[in-house]
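Asks: Here it is, the structure, as structure tokens.
The values are calculated or read from the model by the stated rules, or taken from the named source; none is laboratory data. The structure presented is a predicted model; accordingly, all values stated were derived computationally and were not measured. No Cβ is skipped: glycine too gets one built from the backbone with ideal geometry, and neighbour counts run over all protein chains shown.
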Amino acid sequence: MKIPFLSTIKAEKSIDPVCGMKVETKNPLGGASNHKGAIYYFCAPGCRVAFENDPTGYLSGEKFIEM
Ligand SMILES: [Zn+2]
């Protein structure tokens, strides 16, 4: 199956919930994680691991890693 005009789609960005960095959703350096039906993207594997250990802590803003 061909997906037309794929190259014209703008790279979408998402915010890494752990450190607040912008991450390209097309190619997240730290991968992505699914939490309660929403997908989060990470700048580095360490951020993803931290998030997966305590997703609610980071989503509530209680926890935050400054990069
Ligand atoms: Zn990060």
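Asks: I'm told residue 51 meets every condition in (1) among the hydrophobic types (A, V, I, L, M, F, W, C); (2) in contact with a helix residue (DSSP H, G or I) (Cβ under 9 Å, 6 or more places away or on another chain); (3) assigned to a loop (DSSP other than H, G, I, E, B) except one. Can you identify the failing condition by its number?
Replies: Tallying (1) among the hydrophobic types (A, V, I, L, M, F, W, C); (2) in contact with a helix residue (DSSP H, G or I) (Cβ under 9 Å, 6 or more places away or on another chain); (3) assigned to a loop (DSSP other than H, G, I, E, B), residue 51 fails exactly one: (3).
Asks: Could you tell me which of the residues 53, 27 is at pLDDT below 95 and not acidic (Asp, Glu)?
Replies: Details: 53 fails: at pLDDT below 95.
Going through 53, 27 in turn, just one is at pLDDT below 95 and not acidic (Asp, Glu): 27.
Asks: Select from region 34-48 the residues that are assigned to a loop (DSSP other than H, G, I, E, B) and either among the basic types (Lys, Arg) or surrounded by 14 or more Cβ atoms within 10 Å (Cβ to Cβ) (or both) and write down the one among them that is farthest from the ligand (Cβ to nearest atom).
Replies: 36
Asks: Among all residue pairs at least 6 apart or on different chains, which show Cβ distances below 8 Å where the first residue, located in region 15-34, is without any contact (Cβ under 8 Å) to a residue 60 or more places away in the chain and the second is of a type in the set (D, E, K, R) and in a loop (DSSP other than H, G, I, E, B)?
Replies: Partner pairs satisfying both residue conditions: 18/63; 19/66; 22/16; 23/16; 24/12; 25/12; 26/12; 30/16.
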